[in-house]
Amino acid sequence: MNKLTLYGTPDSPDIYPLRDFLQRSVVAYDWVDLNEAQQLPAGLAAGAQVPAIAFPGGQLVLNPTVEEVAQHLGWITKPSYQEYDVSIYGAGPAGLSAAVYAASEGLRTVLVEREAVGGQAGTSSLIENYMGFPEGIGGAELAERARQQALKFGVDILLLREGIKGSFYNHRIHVDLAGGAKLVARANICATGVEYAKLNLPNEGRFFNKGVYYGAGASEALFCSNKDVFIVGGGNSAGQAASYFAGFARRVYMVIRKGSLAATLSDYLVKRVTTIPNIEILYHSTVQELAGDQLLEGIKLLNSVDGTETWYPTSKLFICIGGKPNTDWAAETAIIRDPNGYLVTGNDLAGRPQFPECWPLPRPPYHLETSVPGSFAAGDVRLNSVKRVASAVGEGAMAVTLVHKYLAEVDKATS
Ligand SMILES: Cc1cc2nc3c(=O)[nH]c(=O)nc-3n(C[C@H](O)[C@H](O)[C@H](O)COP(=O)(O)OP(=O)(O)OC[C@H]3O[C@@H](n4cnc5c(N)ncnc54)[C@H](O)[C@@H]3O)c2cc1C
């Protein structure tokens, strides 16, 4: 496909979701800063405040939504079947892997993703510990390969659609999608992962996409040149982002609560972030305040050891802390979640007080099965999962094996 051209101003809050979506979806584009552009296509005024995209066919769309972009790319599709064998929610590594295995094994498979294919992994600049890629692989590239593989095997991918409510009857899961459509499947795999937590500062919402970002999408690195960038968090996602952004920014500060990185960061990343000269680690530190007019201009950090408070000027704060599982949709179902919202599966269900009244079968739940028979969970969304690409991929594949077992059991019982 020829490249599309994205027009905008670097700090506009409207531009970030578009850049992020294109980058995560591995769509090549040329970037034109409207403040500096010499020549503009007809229909786009110099100094325009809204972004625009010129598509390869010549069509210019002013202020497009992410959905409109996906529509123009031909990625918005309708379900092909009234009923699927398996519906999979979330197209991160776990969901993509489940989709590839399910469809390659002949199951009618639908994969529903509310944002961009790739999930958290799709935002990673370089995954270096996934087997088979000694030089590492960009998360978006890995996801795009998986997307193409899934399509090759006939998976229906419903992009920018979100499962918001599920009900289980007649050996089927019936899911309401945001926007009104319904999906029916004989089994389902929930692979909805986790999302970054907020700092919960009073004016945080005001600076969302105006200097405060959740995650550290690789798309923003280009726009950090000559800037001091702050990344909150001491986990692998923060460490990876710090080492990647250090190639663009003047200085990268990692803001971490603890006094050491060893417990939260892989050893190879500890070595890297502590040796790159323009990365500084601010230990025992938390963000206390955000300041700015229209855009973020500064942050106040508290050092918990000596009690000092320091203001730092910055227009880029990336928050890469903690995870909140995406399981709100399960609130009104018999699916048991732990107090933090993670889906409880397999043996972990045994001691839960609600379990006996939820579980109707004489057999115990399979390893990745939730407290509703035929409803499985894979990847980060699952209680006690290992938060890694490889384990998410492995669980996606394993969930499909268990779906086969479950479907055979239902077929036997109903034949
Ligand atoms: C920046 C970064 C770097 C990382 N680097 C590494 C690394 O180098 N090595 C490594 O092993 N791990 C790494 N990780 C961790 C790894 O990416 C995760 O463990 C992995 O992505 C988990 O996969 P998942 O499929 O379970 O969930 P996710 O990747 O979280 O995907 C879940 C998907 O579900 C979608 N979704 C949520 N709710 C709904 C809904 N209701 N309906 C439809 N879709 C929904 C989300 O939009 C998302 O796309 C990194 C994580 C981050 C953030």
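The values are calculated or read from the model by the stated rules, or taken from the named source; none is laboratory data. Every value quoted in this text rests on a predicted model; they were computed, and no experiment measured them. Virtual Cβ from ideal backbone geometry, glycine too; neighbours counted across all protein chains shown. For the accessible areas, the whole protein counts, side chains as well, though only heavy atoms, and no ligand, DNA or RNA atoms are used. Shrake-Rupley method; radii C 1.70, N 1.55, O 1.52, S 1.80 Å.
Numbers for the structure displayed
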read-out: Number of the condition not met by Y16 [criteria: (1) open to solvent by less than 40 Å² (accessible area, probe 1.4 Å); (2) part of a loop (DSSP other than H, G, I, E, B); (3) not hydrophobic (A, V, I, L, M, F, W, C)]; value: (2)
read-out: Residue within the range 240-256 that is touching a residue at least 40 places away in the same chain (Cβ under 8 Å) and assigned to a loop (DSSP other than H, G, I, E, B) present; value: no
read-out: Count - residues of the range 214-237 that are in a helix (DSSP H, G or I), open to solvent by 30 Å² or more (accessible area, probe 1.4 Å) and either away from the ligand (no atom under 13 Å from the Cβ) or not assigned by TED's automatic domain parsing to the domain that holds A249 (or both); value: 1
read-out: Residue, nearest to the ligand (Cβ to nearest atom), within the range 71-89, restricted to residues that are hydrophobic (A, V, I, L, M, F, W, C) and at pLDDT 95 or above; value: I88
read-out: The range 357-402, residues that are within 16 Å of the ligand (Cβ to nearest atom) and open to solvent by 50 Å² or more (accessible area, probe 1.4 Å); value: H367, N384, V386, K387, R388, A390, M398
read-out: Lone qualifier among G8, G92 - being within 16 Å of the ligand (Cβ to nearest atom) and in contact with an Asp or Glu (Cβ under 8 Å, 6 or more places away or on another chain); value: G92
read-out: Enumerated strands (runs of 3 or more DSSP E) restricted to the range 157-213, each holding at least 3 residues that are in contact with a helix residue (DSSP H, G or I) (Cβ under 9 Å, 6 or more places away or on another chain) and not basic (K, R); value: 163-169, 182-190
read-out: Residue that is nearest to the ligand (Cβ to nearest atom) [pool: residues in the range 131-145 that are over 21 Å from Y89 (Cα atoms) and either surrounded by fewer than 18 Cβ atoms within 10 Å (Cβ to Cβ) or outside the structural domain of L160 (by TED's automatic domain parsing) (or both)]; value: G136
read-out: Qualifying residues in the range 335-349 (those that are over 16 Å from T192 (Cβ atoms), open to solvent by 40 Å² or more (accessible area, probe 1.4 Å) and modelled with pLDDT of 95 or more) - the one farthest from the ligand (Cβ to nearest atom); value: N347
read-out: Qualifying residue in the range 403-410 (condition: part of a helix (DSSP H, G or I), more than 8 Å from the ligand (Cβ to nearest atom) and charged (D, E, K, R)); value: yes
read-out: Search result, residues across the range 19-30 that are in a loop (DSSP other than H, G, I, E, B) and either among the polar types (S, T, N, Q) or surrounded by fewer than 17 Cβ atoms within 10 Å (Cβ to Cβ) (or both); value: S25, A28
read-out: Single match in Q59, Q82 (criterion: over 26 Å from the mean Cα position of the chain (by Cα), surrounded by fewer than 15 Cβ atoms within 10 Å (Cβ to Cβ) and under 30 Å from S375 (Cα atoms)); value: Q82
read-out: Hey, E105 outside the structural domain of G215 (by TED's automatic domain parsing), of a type in the set (D, E), open to solvent by 20 Å² or more (accessible area, probe 1.4 Å) and within 16 Å of the ligand (Cβ to nearest atom) or not; value: no
read-out: Enumeration of residues in the range 31-49 that are outside any loop (DSSP other than H, G, I, E, B) and either on the phi > 0 side of the Ramachandran plot or open to solvent by less than 70 Å² (accessible area, probe 1.4 Å) (or both); value: V32, D33
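To keep it simple, each residue is scored yes or no on (1) more than 18 Å from L111 (Cα to Cα); (2) without any contact (Cβ under 8 Å) to a residue 24 or more places away in the chain.
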position	(1), (2)
F168	yes, no
H171	yes, no
G179	no, yes
R186	no, no
A197	yes, no
F207	yes, no
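Residue by residue, here is whether (1) part of a helix (DSSP H, G or I); (2) more than 24 Å from G95 (Cα to Cα) holds:
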position: D348; (1), (2): yes, no
position: P353; (1), (2): no, yes
position: P360; (1), (2): no, yes
position: R363; (1), (2): no, yes
position: H367; (1), (2): no, no
position: V372; (1), (2): no, no
position: N384; (1), (2): no, no
position: K387; (1), (2): no, no
position: V393; (1), (2): yes, no
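Listed here are the residues, each with its yes/no results for (1) more than 27 Å from the chain's Cα centre (by Cα); (2) surrounded by fewer than 18 Cβ atoms within 10 Å (Cβ to Cβ); (3) at pLDDT 95 or above; (4) outside the structural domain of V386 (by TED's automatic domain parsing).
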position	(1), (2), (3), (4)
T264	no, yes, no, yes
P277	yes, yes, yes, yes
L290	no, no, yes, yes
L296	no, no, yes, yes
D306	yes, yes, yes, yes
W311	yes, yes, yes, yes
